[in-house]
1. Any idea how far the Cα center of the stretch B:17-45 sits from the one of the stretch A:130-161, in Å?
2. Residue A:78 versus residue B:104, label points 7 Å from Cα toward the beta carbon: distance in nm?
3. Specify which residue in the list B:217, A:49, B:339 is farthest towards the positive end of the charge dipole of the protein assembly as shown, using unit charges on the beta carbon of Lys, Arg (+1) and Asp, Glu (-1), about the Cα centre.
4. Once the other residues with Cβ under 13 Å from the Cβ of residue B:159 are scored (Lys, Arg +1; Asp, Glu -1), what is the net sum?
5. Evaluate the charge dipole of the stretch B:63-242 about its Cα centre and quote only its size in Debye, nearest 20, assuming +1 on the Cβ of each Lys and Arg and -1 on the Cβ of each Asp and Glu.
6. Counting only C-alpha contacts under 8 Å and six or more residues apart, can you give the relative contact order of chain B as a whole percent?
7. Quick one: among B:256, B:65, B:321, which has the greatest mean-square fluctuation in a GNM of chain B with alpha-carbon springs under 10 angstrom?
8. Would you mind telling me the antiparallel percentage of the DSSP bridges in the stretch B:63-242, rounded to 5?
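Derivation of every value follows stated rules applied to the coordinates shown; laboratory data play no part. Just so it is clear, the structure is predicted and the values come from calculations on it, not from any experiment. No Cβ is skipped: glycine too gets one built from the backbone with ideal geometry, and neighbour counts run over all protein chains shown.
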Amino acid sequence: MEIIRLIQLHKIYDESGIPVHAVNGINLTVSEGEFTAIVGPSGSGKTTLLNLIGGLDKPTSGEIFIEGTNLSDLKPNQLIDFRLRNIGFVFQSFNLIPVLTAHENVEFIMQLQGRGREERHVRTNELLKSVGLEDKIDVRPRNLSGGQQQRVAVARALASKPRFILADEPTANLDSKSTSNLLDIMEKLNHVEHMTFIFSTHDQRVVSKAHRVITIEDGQVVSDVNQEHFVHKV
Amino acid sequence: MFWSIAWKNVWRNKLRSLLVIMAIALGVAAASYSAALMFGMATQKIKAAVSNEVSHIQLHQADFLENFEIRDSIPQPDQVGAGIAGIPGVKAVTERSVITGMTMSATSSAGIQINAINPDLEKKVTTIYTKISDSSGSYLAVGKRNQVLVSSKIAEKLKVRVKSKIILRFQSADGTIIDGAYKICGIYKTSNGIFDEMNIFINRDDLSRQLGKEAPVHEIAVLLSNNDYLEKVTGTIKKENPALSVLTWKQLQPELGMLTGLLTISLYFLLGIILAALAFGIVNTMLMVVLERVRELGMLMAVGMNKRNLFKMIMLETIFLSLTGGIVGMVISIAVTGITAHSGIDLSSFARGFESMGYDAFIYPELRPDFFIGTVVLVIFTGILSSVYPARMALKINPADAVRGE
């Protein structure tokens with residue numbers, strides 16, 4: 001089932017009077033259950049593309065449909081609420097709230113959604129268990145390793161029961177063991193719960209795990225490869 | 001949720017928060033203690049005025065207070081006094097003759113107000129009898145003739161002392177000048193220099209003898225068991241004595257009546273200025289907080305925190321910061337007031353200045369719950385106002401740029 005459709009997407013930044021085409025006419029669809037990596041050199045437009053899909057940025061032209069909803073039709077507050085209920089985010093620098101424990105960081109998203117206390121508590125414990133952190137519930141981020149923090153971030157991204165998760169360079173600040181652990185967890189979530197993941201990454205280990213690899217250069221898709229099959233370049 | 005996060009965020013940078021909190025605390029403590037001092041002074045002045053000078057309520061013949069004519073006396077004063085004494089809330093009643101005249105000694109003279117009293121009844125209504133030091137003689141004694149109680153100011157002016165003789169001169173109703181020789185039995189001193197300069201006390205029986213008839217009653221003074229009865233008792237007295245002028249202490253000394261109100265306004269003004277100055281520091285601190293947390297705030301907006309909740313979070317953090325400082329400040333002022341309220345603050349080196357304005361040089365600071373409540377409200381208001389600019393800065397954060405800043 002298609003959950004994301006991008007139609008002739010453009011994003012142009014004005015850098016001191018010089019237009020920069022960060023995203024230059026991208027057409028793309030992502031289906032439910034995909035484990036997709038977006039790769040490309042620095043400045044190719046990966047992060048910009050992810051931000052557009054996540055509704056964090058507005059396209060200069062083109063359309064973004066998330067499960068049939070055109071993001072351009074949403075008012076700012078509606079867009080924020082849409083993100084809260086449909087999209088999960090995992091950031092390169094984890095971005096956990098330092099004054100909250102692991103439990104509270106995950107629970108926080110459900111509190112924003114207005115869910116009941118019992119539901120929040122049960123689901124938070126389940127999520128932290130699913131990422132292997134059931135013994136770190138009451139620990140604050142400063143007392144967690146980078147890998148553990150990123151796993152909390154994954155749990156947080158899942159807390160809102162999103163349609164898909166956007167992960168921008170999620171392994172960039174992790175060592176190899178933590179990267180491996182994180183990818184195993186994400187793969188498991190993808191297999192078991194059919195959670196859709198879209199990564200932007202330089203990390204070959206992530207690319208090797210991805211089912212689909214989209215290569216971007218100069219804001220355009222230059223290849224879109226299903227790892228199990230060879231597909232001609234676009 | 002936001003309450004918990006905001007409170008925890010206040011303590012993220014403990015040193016910075018403590019500095020701001022202590023600045024607010026000192027400002028609030030200074031303003032609150034100043035208020036306690038001024039309220040204490042005001043209360044002492046009002047208490048002194050009621051207990052030494054005007055009592056709670058005074059009755060006069062309708063025209064008396066305009067010209068102080070000896071003939072403008074209260075008809076049937078005993079009946080009036082007896083009626084008043086029976087009203088619930090009335091503690092004591094006394095009757096006085098009040099005559100303007102002159103006093104003369106061998107060396108000097110002074111214009112004065114002669115208060116001819118019943119010494120025993122007067123003791124129940126005023127505390128003048130307690131204002132005579134051991135070395136300054138004694139109060140008017142029943143049965144002893146031609147005694148006079150003068151103030152230390154009058155004694156100083158006339159260059160007399162206890163047991164000295166002075167002449168009291170006044171004009172009777174028919175215009176006759178009446179002189180009487182009196183011996184000073186005691187010298188009193190109140191905290192109100194203005195009152196002391198004008199008032200002497202003699203026995204009403206002595207005045208009756210001088211006049212050759214019962215001395216007229218010009219003034220009936222009423223002391224209540226509690227100031228809370230003031231309005232009710234005054235209303236009752238007015239109803240029962242419609243022909244007489246019935247005035248409360250607030251009307252007799254309107255500047256006293258307004259004193260507390262004016263003080264409160266000026267103290268809130270002072271507190272407002274202090275808090276306004278502190279607000280700049282709070283704004284600066286919160287701006288630093290927002291700038292330090294751009295990425296975190298961007299993340300919050302990215303994952304779905306709407307602008308209203310973000311604004312609320314910043315505002316709560318600012319209010320908590322301000323309120324903590326405010327509460328610490330009030331605790332400090334309560335502690336200092338508690339210590340000094342018992343012992344008092346001795347400003348006797350400024351005694352002359354204080355007495356010339358009618359204030360005691362020994363101040364007992366006084367806490368007022370309503371001022372504290374007002375302070376809390378102002379502190380919260382300062383927090384809210386101080387949060388607006390930093391919160392607006394936070395709302396301008398672009399989440400895409402903020403989370404990208406790796």
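1. Going from one Cα centre to the other spans 47 Å.
2. 10.1 nm
3. Going by the charge dipole, the pick is B:217.
4. On the way: positive: B:153, B:157, B:161, B:165; negative: B:156.
Local charge sum for residue B:159: +3.
5. Computed charge dipole of the stretch B:63-242: roughly 760 debye.
6. Once normalised by length, the contact order is 27 percent.
7. B:65
8. Antiparallel: roughly 75 percent of the beta bridges in the stretch B:63-242.
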